[in-house]
Amino acid sequence: QVHVVESGGGLVQAGGSLRLSCVASGRTFSSYFVGWFRQAPGKEREFVAAISWSGASTYYGNSVKGRFTVSRDNAKNTVSLLMNSLKVEDTAVYYCAAGRGMIVANTERHYDYWGQGTQVTVSS
């Protein structure tokens, strides 16, 4: 069982940067595939980024490619999402999720554990 907690959300101006962190309580977090999703008011939850257990493979949603970078530090049980060149449309609650097995990065049902979410607001 893994418990994950997101942090780092806040208010930032368009064009700025923000780093989100996902910290797991379990000591075997390194064996989990970790993804980031976001949900804006009135919209469906959207895939943002994901990273394999080893960190060797990363995946990004089309709307964030070239702007966001996901990384992990297994020694610290932490996965980070660095968001650069933020746009107003990036405003959403961001969720960290973890799963094991044969995971398709952008498929929500493949993730077993979810954090509570952290709010990111980008102003113009």
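The values are calculated or read from the model by the stated rules, or taken from the named source; none is laboratory data. The shown structure was predicted, so the numbers you read here are calculated from the model rather than taken from an experiment. Every residue, glycine among them, receives a Cβ derived from its backbone with ideal geometry; neighbour counts consider all protein chains shown. Keep in mind that these areas ignore ligands, DNA and RNA; they rest on the heavy atoms of the full protein, side chains included. Shrake-Rupley method; radii C 1.70, N 1.55, O 1.52, S 1.80 Å.
Compare the Cα positions of 94, 58, 47 along the charge dipole of segment 1-109 (+1 at Cβ of Lys, Arg; -1 at Cβ of Asp, Glu; about the Cα centre) and return the one farthest towards the positive end.
Going by the Cα projections, it comes out as 58.
Keeping all protein chains in place, calculate the accessible area per residue for the chain (probe 1.4 angstrom), answer in Å². Walk me through the numbers on the way to the answer.
Values: 6370 Å² over 124 residues.
Accessible surface, normalised per residue, equals 51 Å².
Taking the alpha-carbon distance from residue 43 and a cut-off under 27 Å, which lysines remain once sequence neighbours fewer than 8 residues away in the same chain are dropped?
Of all the lysines, those that pass the test against residue 43 - Cα under 27 Å, at least 8 places apart if same chain - are 65, 87.
Net charge near residue 66, counting Lys/Arg +1 and Asp/Glu -1 over other residues with Cβ under 14 Å of its Cβ?
Numbers: positive: 65, 67, 87; negative: 90.
The answer is +2.
Expressed as a whole number of Å, what is the distance separating the alpha-carbon centroids of segment 84-117 and segment 1-30?
Between the Cα centre of segment 1-30 and that of segment 84-117, the gap is 11 Å.
Please work out how much accessible surface residue 47 shows to a 1.4 Å probe, ignoring ligands, DNA and RNA, in Å² rounded to 10.
30 Å²
What are the ³J(HN,Hα) values, in whole Hz, obtained from phi via the Karplus relation 6.51 cos²θ - 1.76 cosθ + 1.60 with θ = phi - 60°, for each residue of segment 67-78 in sequence order, with x given for Gly and Pro?
With the stated coefficients, segment 67-78 comes to 10, 9, 9, 9, 8, 9, 10, 5, 5, 9, 6, 10 Hz.
What is the magnitude of the charge dipole of the chain about its Cα centre, with +1 placed on the Cβ of each Lys and Arg, -1 on the Cβ of each Asp and Glu, and no other charges, expressed in debye to the nearest 20? Each step should come with its number before you reach the end.
Details: 12 positive and 8 negative charges, 37 e Å.
Taking the Cα centre of the chain as origin, the dipole is about 180 debye.
No solvent, one uniform scatterer per C-alpha: report log10 I(q)/I(0) for the chain via the Debye equation at q = 0.16, 0.19 1/Å, two decimals.
Normalising to I(0) and taking log10 leaves -0.68, -0.96.
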